[in-house]
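Novice: Here it is: the structure, laid out below.
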Amino acid sequence: VLGSIGSKPLDFNEVGNITAAALIIMGGSGMATWILFHRSRFLRAALLPTMFMNSANMAFPLALLMFGEQGLARQLIYYVAINLVHVTVGIWIARGKNGLGEVFRLPMVYAAALAIGLASTGTILPPNLVKTLNLVGQATIPLMLLMLGIRLRTVRLFHLLPALAASSIRLLVGFGLGIFAVWALGVEGFARDAVLLGSVMPAAVLNFILSEKYRLEQEFVATTVVMSTILSFATTPIALWLIISH
């Protein structure tokens, strides 16, 4: 985040559009989940995997592969927007109360704030420091993919029907909300690509970690993460074809 966002000026109109689109996708997914699960004991647990997608582990490699460095830079902005809500509202949902204070323990929050501050003031980091940050940052994508694989390998599946419903909200409703958001906000170019790619990503592994930490329907959340990831092997190529062809 610091190497990619903090080393170049930001178009704040673009940042605002990406952030607004991310909020529309999260909020709309949460509303769809409440409508479907409001009488279910899984409501609070279902909000996590439907609202908060895997905007890093899977999205970064795909953005780099399909859209290059420009697409990855926009995907990072989308990730920061999603993650800041995830580690505040998401922790509040998972914990139920007194969860917002934990955001200040997370280094990503400070890295994002520093990166945005540097970019907004036009401060240019020394080239050697940028190279170092980017070199360390390049290890992030393969490490995230390894972590995702290890986590998925150790999960057992439970509550298949409600997990399928939550997965459908994450993948199908999420992509529909992404299409609506870029249309309503007039998002174009690489920013549009990043929003649409992010909107169709499966549930984030962090949701499972939060459910374990706060003992919130761990089996259901884990199953939803795994199921949405497996289903994304079919939905992601279709979504990418739609993104590129339109």
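Novice: Of the candidates 216, 23, 106, which one comes out as most mobile in a Gaussian network treatment of the chain with C-alpha springs shorter than 10 Å?
Specialist: Of 216, 23, 106, the Gaussian network model singles out 106 as fluctuating most.
Novice: Follow-up. Divide by every residue of the chain the summed helix terms, -39500 (n - 2.57) for each DSSP H run of at least 4, and state the resulting mean residue ellipticity at 222 nm, rounded to the nearest 500 deg cm²/dmol.
Specialist: Working: 13 runs with 182 residues, N = 246.
It comes out at -24000 deg cm²/dmol, rounded to the nearest 500.
Novice: Using a Förster distance of 41 Å, how high is the FRET efficiency between residue 38 and residue 124, based on the Cβ-Cβ distance and rounded to 0.05? Don't skip to the answer; put the middle values down first.
Specialist: Values: r = 50 Å, r/R0 = 1.22.
Here the calculated transfer efficiency is 0.25.
Novice: Sticking with this structure for a sec: Please give, to one decimal in nm, the separation of the simple spin-label points placed at residue 215 and residue 244, each 7 Å out from Cα toward the Cβ.
Specialist: Taking the two extended label points, one gets 4.8 nm.
Novice: For the chain, what log10 I(q)/I(0) values come out of the Debye formula at q = 0.07, 0.09 1/Å, with one point per alpha carbon and no solvent?
Specialist: The computed values of log10 I(q)/I(0) come out as -0.22, -0.36.
Novice: Leaving ligands, DNA and RNA out of it, report the carbon-plus-sulfur percent of the accessible area of the range 19-66 at a 1.4 Å probe.
Specialist: 71
Novice: State in Å² the accessible area per residue of the chain; use a 1.4 Å probe, count heavy atoms of protein chains only, and round to the nearest integer. Spell out each step's value before the answer.
Specialist: Details: 11970 Å² over 246 residues.
Accessible area per residue, the chain: 49 Å².
Novice: A further question on this structure: Which order do the peptides 68-79, 196-207, 107-118 take when ranked by the mean count of other beta-carbon atoms within 10 Å per residue, highest first? Intermediate values should be presented prior to the final figure.
Specialist: On the way: 68-79: 21.6, 196-207: 27.5, 107-118: 15.8.
The peptides rank, most packed first, as 196-207, 68-79, 107-118.
Novice: Continuing with this model, one more query. Report D for the range 16-63 in µm² per second (integer): Stokes-Einstein, Kirkwood Rh on Cα pairs, 37 °C, 0.692 mPa s.
Specialist: Details: Rh = 11.8 Å.
Reported coefficient: 279 µm²/s.
Novice: Another question, then. On the accessible surface of the range 137-246, probed at 1.4 Å, how many percent belong to carbon and sulfur atoms? Could the numbers behind the result be given before it?
Specialist: Values: 3880 of 5460 Å².
For the range 137-246, the apolar C and S fraction of the accessible surface comes to 71 percent.
Novice: Helix hunt in the chain: which complete DSSP H runs extend at least 30 Å axially by C-alpha with mean Kyte-Doolittle at least 0.5?
Specialist: 12-37, 218-245
The values are calculated or read from the model by the stated rules, or taken from the named source; none is laboratory data. Given the structure is predicted, the values throughout are model-derived calculations rather than measurements. Neighbour counts run over all protein chains shown; Cβ positions are idealised from the backbone, glycine included. In case anyone asks, the SASA skips ligands and DNA or RNA and just uses the protein heavy atoms, side chains included. Shrake-Rupley method; radii C 1.70, N 1.55, O 1.52, S 1.80 Å.
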